[in-house]
Amino acid sequence: MAAFDVVVLGGGTAGVHVATEVAGGGKTVALVEAGLIGGESAYLACLPSNSLLLSASRGEPWEDAVARRAEVTGGLDDSAAAQRLNRAGVQVIRGTGRITAPGTVEVTRAQGAPAAAGGTGSRAAGGTGSGTTTLTYSDLVIATGCEPVAPPIEGLSDIPAWTTAQSLSSPDLPRRLIVLGGGPAGCELTQMYASFGSQVTLVEAEPRLLPGEPAFAGEILAAALRRAGAEIRLGSRATKAERTADGLTLALEDGTRIDAARLLLASGRRPRLGGLGLDVLGLEVTPGMALPTTTRCEVAGTGGRVWAAGDVTGTTHTHASHYQADVVAANILGRHREADYSAIPRCVFTTPSVFAVGAIPGEAEETAGAGDGDGQDADHSPSADHSRDTDHGPDTDHGPDTDHGPDTDHSPGNGGRTRRMLRIARAPSAEAASAEAASAEAAAEASPVTQGGTAAQGGGPRLVTARARLGDTARGYLGQDDLGRLELYADAGTGVLAGAVAVGPDAASWMSEVTLAIRAKIPVAVLADVVHAFPTYGEALETALRELAGTGGSTTRADQQEKGTGTLSELDIETPEGDAIEQHQEVIADEAVASPRREVPFDVNEADAAEQERAVGFDDDDYR
Ligand SMILES: Cc1cc2nc3c(=O)[nH]c(=O)nc-3n(C[C@H](O)[C@H](O)[C@H](O)COP(=O)(O)OP(=O)(O)OC[C@H]3O[C@@H](n4cnc5c(N)ncnc54)[C@H](O)[C@@H]3O)c2cc1C
């Protein structure tokens, strides 16, 4: 038995970061990892996938791309990562952890694994010699990530199928490949394999790609993937698979049969909670459920000192895992910190790439979008679904989730996808809520925006949409990119951005200012006055922002009146002009007072995040 202040279950992005931070803060820490230290992102997901996509975009041959991938992932050797942890003061224990009593974890060591790994042995935990190690803790961190869900397709176990992780660690380039699932991973892997010469068919049960994002994103992406040579089959689920001499035949419910050498499952994952012994802590978990956490990332219903970070909580990105790990570490070290989920970016690293952040409008408002950036694209209206499609297939280490069987809790989707709903519900103070209601009511009476504005699903804010095309910028003209576009969603009640989606070259780079704007709640009126370098795609942002602020953009006031839409300026929200006057006055005042240092009243974490309430759960689809 070895006693630690903190035991971390799972050594992926989240687990490694928490462990390192709390060890740095003086705690004794054991990190238990069943597979590779560093987790999915470094070896089997983000890095290999992005490495191959970049190689494809550079036109490298497959063999060179595979060699580069091996370099990037360190040949799947995690000893350096283990040593880094050890140097940071973390005791690494290789094996599978299970909570056996409140305050106690038992680790079943992997065959042949030492009790402690990657270290000098001077900090060895108490091995029993029987293949198990018992650890006690004051704080427990659950960071066990996500696991694959086997889709309910008859005959699946008899055919040559890959999980995403298997594909991303294989040297094989299939001649004909079926990718099951049109979420981010399915799209990325379709483009990657098609670029290297595979004949790829992507099958998605929903009527469009990226079902969790506004329709225009999936439509542009589908066109791009088709141009890359892939066949895209939407709106029909796979029902049956049969092995053939050359590989397999996949039958869809519409009667289509597709032959391929291999099937790549990019159709669903869920938080990895099975076998953790959570019942011992009083937690009842069902397959597909995410760990319920507070904004401090404490697991609700455990009586305290049990924390969670990463995919296991329902977040779906490496950067989100890292962020939550920061929050957990701060709280364990006694520094109160709350997570704010209002502006976590969602990216698809295809060409063109897709970037989304924050809220998107609901389906009810699909045809009611406000300002139409180019005056022509009324059909590119936002979609209903606030969930993200986590079509990153099952992972190699753990294999498809056969022990749980097809996840019948989830609607069958294309291959039984799990849908992750991540909703952000603001719970304002009573005062703020009534002020907001009053202002909304006033706005409803005063402005056509409210007739055309879009409401986020789940009782969220009323959103006003503005659109712009990248092809209308000089950068788009130079790059001959007539495809990209963006949509900005502003909260009609507060005049700040609530969300955005963009499709275009390297969209994550030039849209990052939107992430900041949402998180920092910068008024649209101020954003509309920001100058963007020429010639950049930032100019498209400027167009949409000015449209939202009612100070320009490609849609005229007359157009808006005609469409029954409007701008935020009509909601009595400050305009850049008004803002500039105020600023001018401030500048003069500052000069007169001999340049005192100005304190910015900016409550980023606690007060602000405390207002937030997050409802996270896995439904019938999920994202990464
Ligand atoms: C194909 C693909 C591409 C992706 N691309 C991107 C991208 O480009 N950008 C992005 O931001 N995100 C991407 N993601 C998502 C990203 O990989 C995850 O969000 C991230 O890895 C989650 O980190 P984590 O620490 O929560 O979990 P993981 O990295 O999965 O770590 C969890 C660890 O816990 C271990 N474990 C589980 N149970 C136990 C146990 N009982 N005892 C001990 N150890 C245990 C596992 O072995 C695992 O190593 C992608 C995902 C996929 C599948």
### Message
Where the second residue is more than 9 Å from the ligand (Cβ to nearest atom) and of a type in the set (Asp, Glu) and the first is open to solvent by 10 Å² or more (accessible area, probe 1.4 Å) and lies in the range 142-155, which pairs have Cβ atoms under 8 Å and are six or more apart or on separate chains?
### Response
Glu147/Asp401; Ala150/Asp401; Ala150/Asp407; Gly155/Glu242
## Note on the structure
Taking the range 460-480 and keeping residues among the polar types (S, T, N, Q) and touching a residue at least 24 places away in the same chain (Cβ under 8 Å) leaves Thr465, Thr473
### Message
With among the small types (Gly, Ala, Ser) and closer than 27 Å to Ser170 by Cβ as the only criterion, which of Gly247, Gly277 stands out?
### Response
Gly247
### Query
Going by the structure shown, is Gln166 within 14 Å of the ligand (Cβ to nearest atom), open to solvent by 20 Å² or more (accessible area, probe 1.4 Å) and more than 30 Å from Ala330 (Cβ to Cβ)?
yes
### Message
Cβ-Cβ distance below 6 Å, separation of 6 or more or different chains: which pairs start in the range 37-59 with a residue that is touching a residue at least 40 places away in the same chain (Cβ under 8 Å) and end on one that is near the ligand (Cβ under 6 Å from one of its atoms) and of a type in the set (Phe, Trp, Tyr)?
### Response
Asn50/Phe349; Leu53/Phe349
#### Entry: Residue in the range 187-209 that is part of a helix (DSSP H, G or I), more than 16 Å from the ligand (Cβ to nearest atom), touching a residue at least 40 places away in the same chain (Cβ under 8 Å) and not hydroxyl-bearing (Ser, Thr, Tyr) present
no
### Query
What's the number of the condition Ala224 fails, among (1) among the hydrophobic types (A, V, I, L, M, F, W, C); (2) touching a residue at least 12 places away in the same chain (Cβ under 8 Å); (3) open to solvent by 40 Å² or more (accessible area, probe 1.4 Å)?
(3)
### Selection count, the range 11-25, where residues are within 15 Å of the ligand (Cβ to nearest atom) and either open to solvent by 10 Å² or more (accessible area, probe 1.4 Å) or among the hydroxyl-bearing types (Ser, Thr, Tyr) (or both)
6
### Query
If you go through the range 574-597 one residue at a time, do you hit one that is surrounded by fewer than 23 Cβ atoms within 10 Å (Cβ to Cβ), among the hydroxyl-bearing types (Ser, Thr, Tyr) and modelled with pLDDT under 95?
yes
### Task
Kindly list the number of the only condition in (1) open to solvent by 10 Å² or more (accessible area, probe 1.4 Å); (2) at pLDDT 95 or above; (3) out of contact with any Pro (no Cβ under 8 Å at 6 or more places or on another chain); (4) of a type in the set (A, V, I, L, M, F, W, C) that fails for Ala364.
(2)
### Task
Considering (1) surrounded by 18 or more Cβ atoms within 10 Å (Cβ to Cβ); (2) more than 14 Å from the ligand (Cβ to nearest atom); (3) at pLDDT below 60, say which one Ala117 fails and leave the rest.
(2)
## Note on the structure
Note on Asp326: of the conditions (1) of a type in the set (Asp, Glu); (2) within 16 Å of the ligand (Cβ to nearest atom); (3) under 27 Å from Glu188 (Cα atoms), unmet is (3)
#### Entry: Residue match in the range 124-142 (condition: at pLDDT below 95, in a loop (DSSP other than H, G, I, E, B) and among the hydroxyl-bearing types (Ser, Thr, Tyr))
yes
### Task
For the range 303-314, state whether one or more residues are within 30 Å of Phe196 (Cβ to Cβ) and either within 16 Å of the ligand (Cβ to nearest atom) or of a type in the set (Phe, Trp, Tyr) (or both).
yes
## Note on the structure
If we keep only residues of the range 313-361 that are farther than 30 Å from Ile220 by Cα and of a type in the set (D, E, K, R), then the residue least open to solvent (accessible area, probe 1.4 Å) is Asp340
### Task
Residue by residue through the range 231-258, note down the ones that are touching a Ser or Thr at 6+ places or on another chain (Cβ under 6 Å), in contact (Cβ under 8 Å) with a residue 60 or more places away in the chain and either more than 22 Å from Tyr193 (Cα to Cα) or open to solvent by 80 Å² or more (accessible area, probe 1.4 Å) (or both).
Glu242
### Task
Tell me which residues, restricted to the range 214-234, are in a loop (DSSP other than H, G, I, E, B) and either polar (S, T, N, Q) or over 16 Å from Ala502 (Cβ atoms) (or both).
Ala228, Gly229, Ala230
#### Entry: Those residues of the range 286-312 which are open to solvent by less than 50 Å² (accessible area, probe 1.4 Å) and hydrophobic (A, V, I, L, M, F, W, C), in sequence order
Ala290, Leu291, Cys297, Val299, Ala300, Val306, Trp307, Ala308, Ala309, Val312
### Task
Working carefully through the options Ala30, Ala56, Ala2, find the one that is open to solvent by less than 40 Å² (accessible area, probe 1.4 Å), more than 14 Å from the ligand (Cβ to nearest atom) and more than 22 Å from Ala165 (Cβ to Cβ).
Ala2
### Message
If I filter the range 248-274 down to residues being more than 21 Å from the chain's Cα centre (by Cα) and basic (Lys, Arg), which single residue comes out as farthest from Val203 (Cα to Cα)?
### Response
Arg262
### Search result, residues across the range 37-53 that are more than 6 Å from the ligand (Cβ to nearest atom), within 17 Å of Ser321 (Cα to Cα) and buried (at least 22 other Cβ atoms within 10 Å of the Cβ)
Ile37, Gly38, Ala42, Tyr43, Leu44
#### Entry: Members of the range 470-529 that are of a type in the set (Gly, Ala, Ser), outside any loop (DSSP other than H, G, I, E, B) and open to solvent by 10 Å² or more (accessible area, probe 1.4 Å)
Gly471, Ala474, Ala498, Ala508, Ser509, Ser512, Ala520
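The values are calculated or read from the model by the stated rules, or taken from the named source; none is laboratory data. If you're wondering where the values come from, they're calculated on a predicted model, not measured in any experiment. Heads up, the Cβs are rebuilt from the backbone with ideal geometry, glycines too, and the neighbour counts pull from every protein chain shown. Remember, those area values only see protein heavy atoms, side chains included, never the ligands or the DNA or RNA. Shrake-Rupley method; radii C 1.70, N 1.55, O 1.52, S 1.80 Å.
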